[in-house]
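Some notes on the structure that comes next.
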Amino acid sequence: MKIGLLVGSLRKNSWNKKLAKEVAELLDVKTYPIDLSEMPFYNQDLDGASPHEEYQRLREDIKKCDGFIFITPEYNRSLAPVLKNAIDIGSRGPEGNLWTGKPATVFSSTIGTMGGVSSNLALRQSFNCVNLISPSNPEVYLAKINELFDKDGRLVEATRPFIKSACDDFVEFAQKFVD
Ligand SMILES: Cc1cc2nc3c(=O)[nH]c(=O)nc-3n(C[C@H](O)[C@H](O)[C@H](O)COP(=O)(O)O)c2cc1C
């Protein structure tokens, strides 16, 4: 099984990027980082007979993965636009909706006190539309993410078991969808 990891922040020193690295280590299955740093906004005019090469790269990445973890901050009480853009691009194009029937979950984290719950749930709303199958468990909303990494840039021991168990729960769920 291969789990694609998509991060909702483009920032070089993003906490969510750091979290994604930890998640990649804690997952007991293969992971595949899906890079969205150069992805243009979805424009149907760029998606005709010969679609934009970045759109097609993303679509190939989606096809390689059996499931997805979206790791995201919250922006103004809603989802990260780069992730919504990726969902839109993956849902259209020559081969149609490539997300359909695949398992996905969201780990949200912010430096504030609510852990990105609004962005997490808003993203799951789009999952519904493209038929990404999202279990109610795990639920990961990490508040004060800036306090959850030690001086070496590693996730603190106190939080590690929680993330490990969320990863394990998601893999157990995703396994049901793999032939
Ligand atoms: C435009 C913008 C809007 C934000 N809105 C929220 C918000 O609604 N809720 C929240 O908890 N944090 C909000 N933040 C703070 C982010 O949680 C914080 O910048 C976080 O570190 C971003 O994630 P990153 O470190 O992975 O880039 C916002 C930040 C920006 C730049």
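The values are calculated or read from the model by the stated rules, or taken from the named source; none is laboratory data. Everything numeric in this text was worked out from a predicted model, so none of it was measured. Ideal geometry is used to build each Cβ from the backbone, glycine not excepted, and the neighbour counts take in all protein chains shown. To get the accessible areas, we keep the full protein, side chains included, count just its heavy atoms, and leave off ligands, DNA and RNA. Shrake-Rupley method; radii C 1.70, N 1.55, O 1.52, S 1.80 Å.
In the range 1-47, which trypsin sites (Lys or Arg not before Pro) fall in coil by DSSP and have 13 or fewer other Cβ atoms within 10 Å? For trypsin sites (Lys or Arg not before Pro) across the range 1-47 that sit outside H, G, I, E and B with at most 13 neighbouring Cβ atoms in 10 Å, the list reads Arg11, Lys12. Overall, the accessible surface of the range 25-179 at a probe of 1.4 angstrom is composed of carbon and sulfur to the extent of 49 percent. Put simply, the convex hull of the Cα atoms in the chain casts, on average, a shadow of 9.8 nm². Spatial offset of the range 6-68 relative to the range 110-177 amounts to 17 Å, using the alpha carbon center of each.
Counting pairs on different chains as well as pairs 8 or more places apart, how many Lys pairs in the range 23-179 have Cα atoms under 27 Å apart? Qualifying lysine pairs in the range 23-179: 23. Scalar couplings 3J(HN,Hα) for the range 58-65, obtained by applying the Karplus form with A = 6.51, B = -1.76, C = 1.60 to θ = phi - 60°, are 4, 4, 5, 4, 4, 5, 6, 9 Hz; x denotes Gly and Pro. Checking every one of the trypsin sites (Lys or Arg not before Pro) in the range 96-179 against DSSP loop status and a limit of 14 other Cβ atoms within 10 Å picks out Lys144, Lys151, Arg154, Lys176.
Backbone geometry of the range 75-88 corresponds, through the Karplus equation with coefficients 6.51, -1.76 and 1.60 at θ = phi - 60°, to 3J(HN,Hα) couplings of 10, 6, 6, 8, 6, 7, x, 5, 6, 4, 4, 5, 4, 4 Hz, x marking Gly and Pro.
Within a Cβ distance under 15 Å of Lys144, other residues only, what is the Lys/Arg minus Asp/Glu net charge? Here the charged neighbours net out to -2.
Probing with 1.4 Å while keeping every protein chain in the model, the per residue accessible area of the chain equals 50 Å². What longest region of the chain stays clear of GluC sites (Glu not before Pro) that DSSP places outside H, G, I, E and B and that have at most 14 other Cβ atoms within 10 Å? Between the exposed loop sites, the longest stretch runs 96-156.
Other residues within the sphere of radius under 14 Å centred on the Cβ of Met114, judged by their own Cβ, net out at 0 (K and R +1, D and E -1). Here the 3J(HN,Hα) profile of the range 113-123, calculated from phi with Karplus coefficients 6.51, -1.76 and 1.60 at θ = phi - 60°, is 9, 10, x, x, 4, 5, 5, 4, 6, 5, 5 Hz, Gly and Pro shown as x.
For Leu142, the residues whose amide H sits under 5 Å from its own are Ser108, Ser109, Thr110, ignoring neighbours fewer than 5 places away on the same chain, with H placed 1.01 Å from N.
A DSSP coil position with no more than 15 other Cβ atoms inside 10 Å describes the following chymotrypsin sites (Phe, Trp or Tyr not before Pro) in the range 12-95: Phe41.
For the chain, a Gaussian network of Cα nodes joined below 10 Å ranks Ser91, Ser50, Ser126 by mean-square fluctuation, and the top entry is Ser50. Net charge within 14 Å of Ala80 by Cβ-Cβ distance, Lys/Arg positive one each and Asp/Glu negative one each, not counting Ala80 itself? My count for the surroundings of Ala80 gives +3.
When Met114, Met1, Met39 are compared by accessible area of protein heavy atoms, the largest-first order is Met114, Met1, Met39, using a 1.4 Å probe.
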